[in-house]
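Chemist: Quick one: the structure is below, questions incoming.
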Amino acid sequence: MTNANASIDTLRRYLQTVIGFGNNDEGLAKANAIIAEGLTEISDLVDIAEGKDGIKTLCMNVRKPSGLMPQPGWNAPDPNPFNLEAPMVAKSGTAIPTLCEQRLAAAAYACKVYESIGRDIEIPILNRLRLKEFQRHKEATDNYSESESLPALSKSFTIQKFLDQFPTFLREILGVSKVALSYVIRESAVVPVTLPELKPNKPWSIEHNSMMEDLIAYTPHSGPAYEADNARVYNLLVSHLAGTSALGSTSRWQKSRNGRGAYLDLMMHNMSSAKWEKTISTAEKVLNERKWNGKNARYPLRIHMARHREAYNDLVKASQQIQYSPPNETSRVRYLLSSIETADPTICSAKTAIQADEIKKNDFESAADFLLVTAPNAKTHQNDHNVSGVRNQKNNNRRSKFVRRNNNSNGKGKIKTGPKTGVEIRYYTKGEWYKLSTDEQNECREIRQASLQQKRKTDDDDTPSAKIAALETKISEMNEQIVSALSSKNSNATPSTASSAPLPPSCLRPPVFFQRE
């Protein structure tokens, strides 16, 4: 038996047993019908899988073959004076069960995947359990939706944090071959010549836990699919780093659109030893110097604990790049308790309980959860404030009216009401504002306008020009009073002492109290 016949026999047995055609004459006929479509070995399924609906088309051709064949069982008359031939009829099809078609499609997909990463395609590794895993993997990739983009670079989201999260971000984006784009920036660009053996009844190797991890590790960096994926990684880097100084590290790869090269340059420029030492210094400063006293309502204990977690995570990442030992769980708890400076008896009791508990004082998360449960909620101490109103129903682009809430001395707010409709003069949410009647809305607007006019009048009276004008008016009134007093004195004086001559202007000029510049 030649090698070709041996491979066909092996393929025929595989179709009858694993695919499920059956070990009988009917199953043999179905297997032969599939092989008659041009298959000689199991690897030929790769060519069928490359086309759109390849297996579906193959099974359709087997079910409904085209062409004619001699009528089965036709016997020529004896004697046959005219040398009659058997009449031609349409070829009869072979039924292919739907389940067998699905298994055959999974086998073709498995062959395609294994060929893409360079694994040898052999019939023993394509058992039914592995075909089921391939079906699940294909369904997952076909129905996958991409994640959102990373946040923009900022003071809190530095280039170091961006580069640390970028591989995870690429892990959530599939490329041309339905492989996560993180394979483009993996550590080693070279694929091993011999791949590790497969896990029992799993289609991936013993070194990984999913088919996608195998593809990320072993998909080669060559071919049209890799070129397209590499260019997309470059575009993602440029779009996220646009407008920042870090974009300069990618400039030399702009022409080739080499995403892997751009990423490696960014790592070299921003994740050096000096950068990690600075990260360690910043994280240690948070653990040693940042305090929480419970007085700032915008900085609750929950956020304070989150800062400690972030600092510890930065230290762990730094320890993976340079020689450094991050603090253990006991040290983390000690840092946390030392940073809490408050006289609140509940917090003090919780700290004492943690220090006395062997589990909590050696487990940061247990201690943090215990503190959050016992810590009191922070309260604001703002007595009076201005609040802005809701949007006007007629113009959504302008904010509606606002009123001032006046509070009494004991800190409890006293809400005023309008004299016309009795509407409460307070802040209204959008839904509450639209529930008011037209008269109530109009009265709120009138009260606000009156308040604004009164405020403008008060502000106008306090301006330097208004003060000067008031002083000049007062000086003018004083001049009139002086003139009137002098005239009255002259009219009552005797002829010997009085003078008929008018007073000189200098006598009528009052002292200058304010000179305008």
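Chemist: Quick check for you: which residues of segment 169-205 have the amide N under 19 Å from the point 7 Å beyond the Cα of residue 244 toward its beta carbon?
Modeler: 169-173, 182, 185
Chemist: Which residues does the label zone of residue 296 cover in segment 148-172, counting backbone N under 16 Å from a point 7 Å along Cα→Cβ?
Modeler: 156
Chemist: If you don't mind, another one. With contacts defined as alpha carbon pairs under 8 Å and 6 or more residues apart, what's the relative contact order of segment 274-374 in percent? Working shown, then result.
Modeler: Numbers: 87 pairs, mean separation 30.1, N = 101.
Computed over segment 274-374, the figure is 30 percent.
Chemist: At a 10 Å Cβ-Cβ cut-off, how would you order 340, 359, 482, fewest neighbours first? Mind dumping the intermediate values first?
Modeler: Values: 340 20, 359 10, 482 14.
Exposure proxy ranking, most exposed first: 359, 482, 340.
Chemist: Then there is this: Please give the Cα centre distance for segment 266-309 versus segment 166-189, rounded to the nearest Å.
Modeler: 30 Å
Chemist: With an 8 Å Cα cut-off and a minimum separation of 6 or more residues, compute the relative contact order for segment 158-258 in percent. Please list the in-between numbers first.
Modeler: Numbers: 81 pairs, mean separation 24.0, N = 101.
With pairs under 8 Å counted, the relative contact order is 24 percent.
Chemist: Do any trypsin sites (Lys or Arg not before Pro) in segment 178-259 lie in a DSSP loop with no more than 13 other beta carbon atoms within 10 Å, and if so, which? Numbers along the way, then the final one.
Modeler: Working: sites: 178, 186, 232, 252, 255, 257; in loops: 178, 186, 255, 257.
Of the trypsin sites (Lys or Arg not before Pro), the ones in loops of segment 178-259 whose Cβ has at most 13 other Cβ atoms within 10 Å are 255.
Chemist: If we count other beta carbons within 10 Å of each Cβ, what is the order of 162, 157, 370, 21, fewest first?
Modeler: On the way: 162 22, 157 13, 370 18, 21 26.
So the ranking, lowest neighbour count to highest, is 157, 370, 162, 21.
Chemist: What's the exposure ranking of 164, 142, 229, going from fewest to most Cβ atoms within 10 Å? Please list the in-between numbers first.
Modeler: Numbers: 164 14, 142 9, 229 26.
Result, fewest neighbours first: 142, 164, 229.
Chemist: Still on this structure, I have one more. Do the alpha carbons of any pairs in 278/360; 30/64; 56/112; 161/255; 278/317 sit beyond 20 Å of each other, and which pairs? Mind dumping the intermediate values first?
Modeler: Values: 278/360 31 Å; 30/64 13 Å; 56/112 16 Å; 161/255 27 Å; 278/317 13 Å.
Checking Cα-Cα distances, 278/360; 161/255 exceed 20 Å.
Chemist: Test of understanding: what is the full-extension gain from residue 98 to residue 483, defined as 0.36 nm times their sequence separation minus their Cα-Cα distance?
Modeler: Details: separation 385, 0.36 × 385 = 138.60 nm, distance 12.00 nm.
Taking residue 98 through residue 483 to full extension adds about 126.6 nm, to one decimal.
None of the figures in this text is laboratory data; all of them are computed from the coordinates on show. All of these numbers come straight from a predicted model, not from anything done at the bench. Don't worry about glycine lacking a Cβ; one is built from the backbone with ideal geometry, like all the others, and counts go over all protein chains shown.
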